[in-house]
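Notes follow the structure.
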Amino acid sequence: MHPLTANENPRLLFWARVREFAVPPSMIETATARRELGDWAGACAAAHVDVDLNLRAVGRAHGDSVAAQVRADLRHLAPDLLRWHFPRIGPDGVLRPGLTVSLARYGPAAEGERAIHLVARTPPAWADAGQRISLALWAPSRGDPGAGLHPHPRPARRYRLDLHRHLWDVRRAGELRERAGRWPLDFARDWLPPGVGACAVDRWQAEAELLLRDEGREGDVVAVRLSARHKLMLNLGTPREMAFDRAAPVLPEAATWVLPDLELLHAGLIDADRLHPLVASALRPGHRPSRNPCAVRNSRLVECRGATHRLGVVNGVLVALDHDAGEVRREELLGALGGTELPCLRAIDEAHRHPENLVEVRARLDHGDTAGALAAVEALLGPDVLLRDGALRDELETAVRRQVAHGLYRAGLAGYRPPSSKQDRRRRRATLR
């Protein structure tokens, strides 16, 4: 991916960041391997998806037929693909918090409100550490007793995915190419509101017909939400003047916008090798991923008193390779007494307190990739490092506190709230838009 500049499309910057950090390749590989072995629960665990349902209990409560349908969907669920396509918010591209998304509906009344829903949930913003998703069943007659402290246990109409199985079901993943929208759509820019773009206008009619048919509506009008201030009415029937109808069904978000991966491919900000394999195979049929892992740097260079010296990890700790132990001890004592240390030792101290890859580490922690964040730290400082006070240590300690908050949320305890931060406030504002 080429370097991004401030002049490029903010939407593309947003999705480029999401694709870089939100679903790491190691998660996709592990989840795929377990799913292909038939271990759907293991695939969910690898993709940080908690399963809050029991198939035997489902059979007792809703019948063997429903339990069999749920089991079949879980076996074909790609939880890493669900995470790839799940709704996100700015500015960091984290999962939209406090959301309940319908993945599938079951039962004799599958076309009505009385249907049983397989849902995917995200925790509220105060408990979103680890960026975990949970799976559960929701029934209108009894709700979901396991929802606990979730603020919105009812499936959201705007973010439903039961009409978009290609975004999570491997049996339907090939439909993505047809339903992703077409890019670019320059003709639509003439009548779209200012600042609104990337609409899948070419798909709206087909998706609206699917929505109306699914809901058994006799009308021919669908609402399209373009932003908090911009909505329009899509009329599939006889042209006529219309006012905004609040009772009209709303076109789901997944049908409203062009798939961001298409935009990134078109702009050259991502290549097919960096897409989710199921997405790449749908958008680029016949594509074969290349195997060209990046080289790992074993040492770094520092200009130290007129010479070029090396820093590297030895015995699990980052050290100055071109200074002997006695010299290092003397220089550390000099620094403790207020003197000026060797440039090599200053570089090591800076790596501990505010490393050059701090932005990457913070992004991985934001998106729940704790293993990736720790791997980045260990690659820089070594696996046996004792961190010094500074921004890096603060980020890791904050991540631990947020994990505690998430654990309390999962346990149904609401007494603890992590200290509010500027980043948390930005997320809450983005959620309200």
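The values are calculated or read from the model by the stated rules, or taken from the named source; none is laboratory data. Keep in mind that this is a model prediction, so the values were computed, not measured. Virtual Cβ from ideal backbone geometry, glycine too; neighbours counted across all protein chains shown. Remember, those area values only see protein heavy atoms, side chains included, never the ligands or the DNA or RNA. Shrake-Rupley method; radii C 1.70, N 1.55, O 1.52, S 1.80 Å.
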| request: Determine the pairs where a residue that is under 12 Å from G181 (Cβ atoms), located within the stretch 252-278, has a partner that is open to solvent by less than 30 Å² (accessible area, probe 1.4 Å) and acidic (D, E) with Cβ atoms under 7 Å apart, the partner being 6 or more residues away or on another chain. | output: A255/E207
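Restricting to the stretch 399-418, name every residue that is touching a Lys or Arg at 6+ places or on another chain (Cβ under 8 Å) and open to solvent by 80 Å² or more (accessible area, probe 1.4 Å). Break it down stepwise before answering.
First, pick out the residues of the stretch 399-418 that are touching a Lys or Arg at 6+ places or on another chain (Cβ under 8 Å): 405-406, 418.
Listed by number, the list is empty, since nothing qualifies.
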| query | Is it true that some residue in the stretch 166-185 is farther than 22 Å from L81 by Cβ and at pLDDT below 90? | reply | yes
| note | When T340 is run through (1) surrounded by fewer than 16 Cβ atoms within 10 Å (Cβ to Cβ); (2) in a loop (DSSP other than H, G, I, E, B); (3) in contact (Cβ under 8 Å) with a residue 60 or more places away in the chain, the failure sits at (3)
| Just checking, how many residues over the stretch 366-398 are under 24 Å from the mean Cα position of the chain (by Cα) and open to solvent by less than 30 Å² (accessible area, probe 1.4 Å)? | 9
| task | Report, by residue number, each residue of the stretch 34-74 that is among the basic types (K, R) and either within 22 Å of the chain's Cα centre (by Cα) or crowded, with 21+ Cβ neighbours inside 10 Å (or both). | result | R34, R35
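So which residues in the stretch 157-178 are assigned to a loop (DSSP other than H, G, I, E, B) and farther than 17 Å from V222 by Cβ, if there are any at all?
Kept after step one, since they are assigned to a loop (DSSP other than H, G, I, E, B), are these residues of the stretch 157-178: 157-164, 168, 170-172.
Passing the criteria: L161, W168, V170, R171, R172.
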| message | Filter the stretch 75-92 down to the residues that are surrounded by fewer than 24 Cβ atoms within 10 Å (Cβ to Cβ), of a type in the set (A, V, I, L, M, F, W, C) and part of a strand (DSSP E or B) and list them by number. | response | I89
| query | Restricting attention to the stretch 294-317, does a residue exist that is open to solvent by less than 80 Å² (accessible area, probe 1.4 Å), among the acidic types (D, E), in contact with a strand residue (DSSP E or B) (Cβ under 9 Å, 6 or more places away or on another chain) and not assigned by the TED database to the domain that holds Q131? | reply | no
| query | Quick one: A31 ticks every box in (1) buried (at least 21 other Cβ atoms within 10 Å of the Cβ); (2) part of a loop (DSSP other than H, G, I, E, B) bar one, so which box is it? | reply | (2)
| Looking at P289, is it under 25 Å from the mean Cα position of the chain (by Cα), not assigned by the TED database to the domain that holds L392 and not basic (K, R)? | yes
| query | Out of (1) buried (at least 16 other Cβ atoms within 10 Å of the Cβ); (2) modelled with pLDDT under 95; (3) in contact with a Leu (Cβ under 9 Å, 6 or more places away or on another chain), the odd one out for R217 is which? | reply | (1)
| query | Are any of the residues in the stretch 81-97 in contact with a helix residue (DSSP H, G or I) (Cβ under 8 Å, 6 or more places away or on another chain) and over 29 Å from F21 (Cβ atoms)? | reply | no
